[in-house]
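Note sheet for the following structure.
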Amino acid sequence: MKTSGSPSLRDRIAAPVRDIPRSGIRDFFDIVSTMQDVISLGIGEPDFDTPWHVRESTVFALERGTTHYTSNLGYLELRKALAGYVGKKYGVNYDAESEVLVTVGVSEALDLALRALINPGDEVLYHEPCYVSYRAVILFAHGVPLAIETRAADGFRLTRAMLEKKVTPRTKVLMLNFPNNPTGATMSRQDLEEIAAFARERDLLVITDEIYAELTYDGPHTSIVSLPGMRARTLFLHGFSKAWAMTGYRLGYACGPAEVIDAMMKIHQYTMLCASSFAQKAALEALARPDSDIETMVAEYRRRRNFLVSAFAGLGLECTRPAGAFYAFPNIGKFGLPAKEFALKLLEQERVAVVPGTAFGACGEGFVRCAYATRLEQIKEAMKRLGRFIGRLG
Amino acid sequence: MDELLKLLLANACESRATIAQQLGIGVEEVERRIAEYEKRGVIRGYQAVLNEDQLDLDKVTAVIEVKVTPERGGGFNRIADRLSRFPEVRSAYLMSGTYDLLLFVEGHNLRDVASFVSAKLATIDGVLSTSTHFMLKTYKRLGVLMETNHEDERLTISP
């Protein structure tokens with residue numbers, strides 16, 4: 001396509017897109033996918049299949065011909081069920097008509113939220129290590145990402161002192177994700193109270209990604225939206241991927257003040273139109289009896305978490321005890337290898353895939369993410385191989 | 001149900017050490033509790049779950065609905081107990097509905113089971129009638145699907 005005198009196609013790609021590197025996870029996937037017999041602790045999705053009654057209801061929806069567009073906001077029936085679920089769980093009530101938007105996963109909800117709120121140059125505070133997309137979606141929305149490094153010493157929790165060091169008068173939004181991918185960190189009500197007080201004092205809007213809210217192992221999750229004065233300045237984002245093992249359905253939702261939901265809906269209606277209709281019907285079925293499905297999975301994740309933490313201790317690996325999501329983030333710094341090299345060597349020599357901590361932000365150096373959304377026998381074998389590997393590293 | 005029992009139900013062969021690690025308790029505690037369950041008779045045995053269709057066994061299984069006359073004083077228990085003692089009877093349940101006892105009976109072949117029914121079962125005092133169904137194929141047993149090879153369709157690495 002290139003003709004003399006005209007810029008290359010690469011130069012014609014929009015700068016905010018061109019300048020963002022591909023996800024480090026993607027590169028790693030390309031390597032892993034060429035290999036045989038790999039035990040992967042690198043998978044960020046449940047190993048459970050979607051509960052059968054949910055799949056069955058999807059088939060029924062298709063049989064009935066539920067294959068058309070839905071309202072931009074999503075089926076009202078589903079929005080009512082979502083408002084009911086959030087209300088019951090967190091004591092925060094939303095109007096299903098105007099304060100709930102059904103999206104294509106939390107990923108879309110996050111993108112809509114940032115595009116709806118950010119003017120070019122507005123700053124967005126977020127904590128690292130974090131989900132791979134945060135920095136990129138802030139940049140795509142022409143915002144300025146302000147990363148806050150959380151540390152193993154604090155259990156990867158966010159503190160007010162950390163926020164105070166980074167905030168400026170141009171800061172508009174604070175993004176939170178607890179339970180956290182990749183660290184498994186959670187925030188207690190007390191931890192969140194100081195963050196909420198900070199947000200109120202600085203008049204920040206809060207976007208909270210609560211995709212792992214149901215997956216906590218040492219006590220129930222508290223959402224920042226349930227704290228006094230926070231409902232009016234918080235966007236609560238959630239979805240069905242993790243707790244209901246519905247990743248491929250791509251179904252999420254946002255709850256928030258009507259003005260913000262309306263702004264998000266405008267982008268959604270012009271770019272996405274609506275989330276999949278039969279996925280929405282499946283979500284209704286999932287909400288009809290959420291507890292029994294989730295309880296079984298949570299109990300299994302908790303046992304694996306316990307096993308993994310104990311196995312790391314046995315191998316002499318330091319690891320903050322993860323209290324949520326399905327990730328452990330052990331410290332591999334003492335072996336003197338960069339995280340990426342450690343992960344590559346482990347993969348080559350022992351056929352165990354973990355994700356280098358740097359995929360989740362620069363401060364993830366010295367750590368690797370191990371997902372325990374994998375059968376216990378696999379985790380056991382992976383620990384055996386990891387033990388052999390670090391034995392050789394000395 | 002105790003989580004320890006759930007783990008044993010899922011895999012009774014799991015090492016005590018791994019069970020302890022999953023529950024966050026010591027190995028001695030796991031052994032003590034298992035011994036206690038065995039002593040109380042809560043745990044009555046350990047068996048492998050076989051896909052017998054793969055073994056080409058010289059064996060058939062029949063499910064037999066049995067109507068009986070309950071006894072004054074003992075109800076169904078005495079006759080159920082008596083039926084359960086036949087080695088051919090692998091499982092026995094008291095049921096609600098149109099019959100009283102449901103038996104799972106094994107024999108080498110159809111004739112074998114038929115002779116058990118006519119010569120033993122039906123002749124017992126109190127047995128009013130029987131209805132025998134032969135099992136043709138097992139799809140799921142004790143919560144375990146007999147279909148093998150469940151492929152993990154997930155990407156090997158994902159965010």
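The values are calculated or read from the model by the stated rules, or taken from the named source; none is laboratory data. Please read all numbers here as calculations on a predicted model, not as lab measurements. Cβ placement follows ideal geometry from the backbone for every residue including glycine, while neighbour counts extend to all protein chains displayed.
Quick rundown of the values:
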quantity	calculated
When residues of region A:244-259 are limited to those that are closer than 16 Å to A:LEU114 by Cα and surrounded by 22 or more Cβ atoms within 10 Å (Cβ to Cβ), the one farthest from the chain's Cα centre (by Cα)	A:GLY256
Close pairs (7 angstrom Cβ cut-off, 6 or more residues apart or separate chains): not assigned by TED's automatic domain parsing to the domain that holds A:ILE25 in region A:361-375, surrounded by 21 or more Cβ atoms within 10 Å (Cβ to Cβ) and in a loop (DSSP other than H, G, I, E, B) anywhere	none
Residue selected from region A:21-58 under the condition assigned by TED's automatic domain parsing to the domain that holds A:ALA362 and among the basic types (Lys, Arg), by the criterion nearest to A:GLY324 (Cα to Cα)	A:ARG26
Count - residues of region B:1-53 that are within 14 Å of another protein chain (Cβ to nearest Cβ) and of a type in the set (Phe, Trp, Tyr)	0
Tally of residues being within 30 Å of A:TYR131 (Cα to Cα) and either out of contact with any Phe, Trp or Tyr (no Cβ under 9 Å at 6 or more places or on another chain) or away from chain A (no Cβ under 14 Å) (or both) across region B:101-159	5
Exclusive hit being part of a strand (DSSP E or B) and touching a strand residue (DSSP E or B) at 6+ places or on another chain (Cβ under 7 Å), set B:LEU121, B:LEU102	B:LEU102
Scan of region A:358-378 for residues that are part of a helix (DSSP H, G or I) and crowded, with 21+ Cβ neighbours inside 10 Å, ordered by number	A:ALA359, A:PHE360, A:GLY364
Identity of the residue in region A:283-307, at pLDDT 95 or above and over 21 Å from the mean Cα position of the chain (by Cα), that ends up farthest from the other protein chains (Cβ to nearest Cβ)	A:LEU284
Residues being of a type outside the set (Lys, Arg) and surrounded by fewer than 17 Cβ atoms within 10 Å (Cβ to Cβ) - total across region A:316-330	2
Test for A:LEU347: is it away from every other protein chain (no Cβ under 14 Å) and modelled with pLDDT of 95 or more	no
Neighbours by Cβ (under 9 Å, 6+ apart or cross-chain): first from region A:62-76, without any contact (Cβ under 8 Å) to a residue 24 or more places away in the chain; second of a type in the set (Gly, Ala, Ser)	A:LEU76/A:ALA96
Test: residue in region B:19-34 that is out of contact with any Leu (no Cβ under 6 Å at 6 or more places or on another chain), assigned to a helix (DSSP H, G or I) and assigned by TED's automatic domain parsing to the domain that holds B:VAL117	no
Tally of residues being over 20 Å from A:ALA359 (Cα atoms), of a type in the set (A, V, I, L, M) and either in contact with a Pro (Cβ under 8 Å, 6 or more places away or on another chain) or surrounded by 10 or more Cβ atoms within 10 Å (Cβ to Cβ) (or both) across region A:1-37	2
Hits in region A:7-64 - residues which are of a type in the set (A, V, I, L, M), within 14 Å of chain B (Cβ to nearest Cβ), under 28 Å from A:TYR212 (Cα atoms) and not in a helix (DSSP H, G or I)	A:VAL38, A:ILE39, A:LEU41, A:ILE43
Close pairs (8 angstrom Cβ cut-off, 6 or more residues apart or separate chains): outside the structural domain of A:ALA232 (by TED's automatic domain parsing) and closer than 23 Å to A:ASN306 by Cα in region A:196-222, among the hydrophobic types (A, V, I, L, M, F, W, C) and part of a helix (DSSP H, G or I) anywhere	none
Selection count, region B:69-112, where residues are within 13 Å of B:SER131 (Cβ to Cβ) and of a type in the set (Val, Ile, Thr)	2
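Table: residues versus (1) modelled with pLDDT under 95; (2) over 21 Å from B:LEU103 (Cβ atoms).
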position	(1), (2)
B:ILE34	no, yes
B:VAL42	no, yes
B:GLY45	no, no
B:ASP56	yes, yes
B:THR61	no, no
B:ILE64	no, no
B:LYS67	no, no
B:PRO70	yes, no
B:PHE76	yes, no
